[in-house]
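*Asks:* Please see the structure below; I have some questions.
The values are calculated or read from the model by the stated rules, or taken from the named source; none is laboratory data. None of these values were measured; they are calculated from a predicted model. In this analysis, Cβ positions are derived from the backbone assuming ideal geometry, glycine residues included, and neighbour counts consider all displayed protein chains. Just the protein is used for accessible areas: all its heavy atoms, side chains included, with ligands, DNA and RNA removed. Shrake-Rupley method; radii C 1.70, N 1.55, O 1.52, S 1.80 Å.
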Amino acid sequence: MVKRVLITGASSGLGKAIAEQLRDMGEELVLVSRHIDTVSDEFPNGILISADITKDFDEIADKAGDIDVLINNAGVLYAGPFESMTDEQINNIFETNIIGHMKLTKRVYEKMKKKRGGHIINVISSLGLSGMEERVLYCATKFAMRGFSEALEREARPYNIVVTAVYPSGIKTNIFKKAGLPERDKYMDPKDVAKLIVDLIYAPKGTRPTMLVIRRTKY
Ligand SMILES: NC(=O)c1ccc[n+]([C@@H]2O[C@H](COP(=O)([O-])OP(=O)(O)OC[C@H]3O[C@@H](n4cnc5c(N)ncnc54)[C@H](OP(=O)(O)O)[C@@H]3O)[C@@H](O)[C@H]2O)c1
């Protein structure tokens, strides 16, 4: 059965890798990011919404329509000593990584609840499970996302809505470069992590994957 999947942060990295695999499987895609036009040639059949998760959640929810699977994936990383972080960075990372996604999820969840079914996948991070120096803001948002996922998972159960929290460790994407950090060869390939996430959507009937921790093999 064809599913309609909304992915935030689909213009690059992990979100794009998930979108490519679902496209090749023939699923209906609704792809969101601020620069989603940069990948329009690769997703000719998708609904591409150029939007900012921090403020455009109403527009995204309206344009997306009836969603079967919501993948909350967009994210930013700021790295450095805590005292060097600006107030603007504190606001922006919370608005992007958690608040925007909660507001979008609320709108999509309402519709899922009415139709008694759906799947919400929250891409968190291994840094939502343990803290790390010079990642204070990022860890704080990812811990918040963990709490959101675990609590909503329980609330959503009676309505046949699955909520899965995904905790990957390092993946080779541009998130590090954008944060002024070096790329690491030992990090995972986004395609491999995407495959594990895509598999969650097709979990056997009668099962409810609530948590996926993805560690890398190379250290
Ligand atoms: N890379 C890792 O090692 C790693 C590990 C664990 C978890 N994660 C998580 O995986 C997710 C994807 O990250 P990635 O590694 O693939 O990084 P990435 O390549 O930098 O992708 C981030 C995506 O988020 C989008 N985005 C950022 N701010 C946005 C906003 N305000 N509104 C809408 N879209 C926005 C970006 O698109 P635009 O710039 O076009 O808006 C981009 O598509 C993030 O939640 C990240 O925390 C990453």
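*Asks:* For the chain, what is the mean residue ellipticity at 222 nm derived from helices alone (per DSSP H run of n ≥ 4: -39500 (n - 2.57); sum divided by total residues; nearest 500 deg cm²/dmol)? Show your work: numbers first, answer last.
*Replies:* On the way: 7 runs with 80 residues, N = 219.
Per the formula, -11000 deg cm²/dmol.
*Asks:* Here is a further query. How many angstrom separate the Cα center of segment 80-118 from the Cα center of segment 168-219?
*Replies:* Centre-to-centre (Cα) distance: 20 Å.
*Asks:* Between residue 107 and residue 126, what is the label-point separation in nm under the 7 Å Cα-to-beta-carbon projection?
*Replies:* Rounded to a tenth, the inter-label distance reads 3.5 nm.
*Asks:* On a 0 to 90 degree scale, rounded to 10, what angle separates helix 13-24 from the longest Cα axis of the chain?
*Replies:* That helix lies at roughly 20 degrees to the long axis.
*Asks:* Oh, and also: Residues in segment 7-46 near a label at residue 59, defined as backbone nitrogen under 18 Å from the 7 Å Cα→Cβ point?
*Replies:* 7-11, 30-40
*Asks:* Could you tell me what percent of the accessible area of the chain is made up of carbon and sulfur, with a 1.4 Å probe and every protein chain present? Intermediate values should be presented prior to the final figure.
*Replies:* Values: 5550 of 11040 Å².
Percent of accessible area from carbon and sulfur atoms in the chain: 50.
*Asks:* Additional query: Starting from segment 97-202, pick out the GluC sites (Glu not before Pro) whose DSSP state is loop and whose Cβ has at most 16 other Cβ atoms within 10 Å. It would help to have the intermediate numbers written out before the result.
*Replies:* Working: sites: 110, 133, 134, 150, 153, 155, 183; in loops: 133, 134, 183.
Of the GluC sites (Glu not before Pro), the ones in loops of segment 97-202 whose Cβ has at most 16 other Cβ atoms within 10 Å are 133, 134, 183.
*Asks:* Under a 5 Å amide H to amide H cut-off, with H placed in plane at 1.01 Å, what residues pair with residue 48 once short-range neighbours are removed?
*Replies:* Residues meeting the amide H criterion: 31.
*Asks:* Using the Kirkwood formula over every pair of different C-alpha atoms, what hydrodynamic radius in Å results for the chain? Kindly include the intermediate steps, with their values, before the conclusion.
*Replies:* On the way: mean 1/r = 0.0573 Å⁻¹.
So the Kirkwood estimate lands at 17.4 Å.
*Asks:* So, one more: Helix 190-201 sits at what angle to the longest principal axis of the chain, using alpha carbons and giving 0 to 90 degrees rounded to 10?
*Replies:* 40 degrees
*Asks:* Further, regarding this structure: List the residues, sorted by chain then number, that are 5 or more residues from residue 212 or on another chain and whose placed amide H is less than 5 Å from its amide H.
*Replies:* 165, 166, 167
*Asks:* Still on this structure, I have one more. In segment 41-104, which trypsin sites (Lys or Arg not before Pro) fall in coil by DSSP and have 16 or fewer other Cβ atoms within 10 Å? Kindly include the intermediate steps, with their values, before the conclusion.
*Replies:* Details: sites: 55, 63, 103; in loops: 55.
Passing sites in segment 41-104 are 55.
*Asks:* What GluC sites (Glu not before Pro) does segment 1-58 have in DSSP loop regions with at most 13 other beta carbons within 10 Å?
*Replies:* Values: sites: 20, 27, 28, 42; in loops: 27.
Passing sites in segment 1-58 do not exist.
*Asks:* Now for a different question. Whole-Hz Karplus ³J(HN,Hα) for segment 204-219, in order, using 6.51 cos²θ - 1.76 cosθ + 1.60 and θ = phi - 60°, x for Gly and Pro?
*Replies:* Values per residue, Gly and Pro as x: x, 3, x, 10, 9, x, 9, 8, 9, 9, 10, 9, 8, 8, 9, 10 Hz.
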